[in-house]
Ligand code: HPA
């Protein structure tokens, strides 16, 4: 019986690897309303999260839960269609378990996508923004607690958490597509209530450009495993107090649907570059 997180992740990875001959080095997590890229994955083995040992399952509409192992332009990828969030009641260990499994599958590059509120007044609804850095206001850190040296260092650097190298590649790709791809700092909150206008003003003063309820925990675990991370936010709405209308989950999903084809194209073009 697997007992530690490391052993559980290894067991889950073994289960997934038994379903496919592919050995993906690139992992992709698709955020709220951003799942359409999954249809571009060729010859995919689709493994429902429910079947993978120890894997958490999402309870939120718009987050279907399956892991696809397939290819994009001949490059093997592991695509998580849906993720779980701390606001659903999951612990940091559960939220980040899939990243541990991707690491145990052999993934070296992780693309994390999400829906976010735009704090930077220059951002527009529907824009894609590269995450340049984060501020963890979730109150949690997934690598706290009992230390297992097989997971990586206990104290590790976070100064290039969102790889400058990968961001440069993404910008080159976006330029080829005539896609405007700005950068911004992502602040993570627990949620699920949206923020108050006062909180958004405070976050702006702190230096945040984007706000969301995911990604940061995953990035921390990925960095402990020395996986290179690229973060892409879809500005599904302007943050509280910036847009005139009340925020809603429907709006988040609706904007996601309007943008997901563009995100899918960016990812499809980018992946062969990341594989080099
Ligand atoms: N706040 C937090 N999380 C979000 C938002 C927001 O405005 N939009 C999408 N995810």
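What's the number of the only condition in (1) surrounded by fewer than 20 Cβ atoms within 10 Å (Cβ to Cβ); (2) part of a strand (DSSP E or B) that residue 90 fails to meet?
Of everything listed in (1) surrounded by fewer than 20 Cβ atoms within 10 Å (Cβ to Cβ); (2) part of a strand (DSSP E or B), residue 90 misses just condition (2).
Here is a list: 138, 163. Which entry is within 26 Å of residue 9 (Cα to Cα) and either within 16 Å of the ligand (Cβ to nearest atom) or without any contact (Cβ under 8 Å) to a residue 12 or more places away in the chain (or both)?
138
Across the range 191-221, what is the number of residues that are more than 24 Å from residue 27 (Cα to Cα), in contact with a helix residue (DSSP H, G or I) (Cβ under 6 Å, 6 or more places away or on another chain) and more than 9 Å from the ligand (Cβ to nearest atom)?
Of the range 191-221, the ones more than 24 Å from residue 27 (Cα to Cα) are 191-209.
Imposing the further condition that a residue be in contact with a helix residue (DSSP H, G or I) (Cβ under 6 Å, 6 or more places away or on another chain) reduces the set to 191-192.
With more than 9 Å from the ligand (Cβ to nearest atom) added as a condition, the list becomes none.
Number satisfying all stated conditions: 0.
Every residue in the range 222-241 that is within 14 Å of the ligand (Cβ to nearest atom) and buried (at least 18 other Cβ atoms within 10 Å of the Cβ), please.
The answer is 231, 232, 233, 234, 235, 236, 237, 238, 239, 240.
I need every pair where a residue in the range 107-133 that is free of Cβ contacts under 8 Å to residues at least 60 places away in the same chain has its Cβ under 8 Å from the Cβ of a residue that is outside any loop (DSSP other than H, G, I, E, B) and more than 16 Å from the ligand (Cβ to nearest atom), sequence separation at least 6 or different chains.
132/162; 132/167; 132/183; 133/162
With respect to residue 130, determine if the residue is at pLDDT 95 or above, surrounded by fewer than 23 Cβ atoms within 10 Å (Cβ to Cβ) and in contact with a helix residue (DSSP H, G or I) (Cβ under 8 Å, 6 or more places away or on another chain).
Yes.
Please indicate, with yes or no, whether at least one residue in the range 255-265 is over 20 Å from residue 138 (Cα atoms), at pLDDT 95 or above and in contact with a strand residue (DSSP E or B) (Cβ under 7 Å, 6 or more places away or on another chain).
Scanning the range 255-265 turns up no residue that is over 20 Å from residue 138 (Cα atoms), at pLDDT 95 or above and in contact with a strand residue (DSSP E or B) (Cβ under 7 Å, 6 or more places away or on another chain).
Select from the range 101-127 the residues that are more than 14 Å from the ligand (Cβ to nearest atom) and assigned to a strand (DSSP E or B) and list them in ascending order.
Those that are more than 14 Å from the ligand (Cβ to nearest atom) and assigned to a strand (DSSP E or B): 109, 110, 111.
Checking residue 135 against (1) at pLDDT 95 or above; (2) over 20 Å from the mean Cα position of the chain (by Cα); (3) not in a loop (DSSP other than H, G, I, E, B), only one condition comes out false. Which one?
(2)
Here is a check on your reading of the model: is residue 115 more than 22 Å from residue 209 (Cβ to Cβ) and within 17 Å of the chain's Cα centre (by Cα)? Write out each step before concluding.
Numbers: more than 22 Å from residue 209 (Cβ to Cβ): no; within 17 Å of the chain's Cα centre (by Cα): yes.
Against the criterion (more than 22 Å from residue 209 (Cβ to Cβ) and within 17 Å of the chain's Cα centre (by Cα)), residue 115 does not qualify.
Taking residue 158 as meeting all but one of (1) within 16 Å of the ligand (Cβ to nearest atom); (2) assigned to a loop (DSSP other than H, G, I, E, B); (3) under 19 Å from the mean Cα position of the chain (by Cα), write down the number of the exception.
(1)
Considering each residue of the range 226-253, count those that are closer than 20 Å to residue 130 by Cα and more than 19 Å from the chain's Cα centre (by Cα), and give that number.
2
The values are calculated or read from the model by the stated rules, or taken from the named source; none is laboratory data. Given the structure is predicted, the values throughout are model-derived calculations rather than measurements. Every residue, glycine among them, receives a Cβ derived from its backbone with ideal geometry; neighbour counts consider all protein chains shown.
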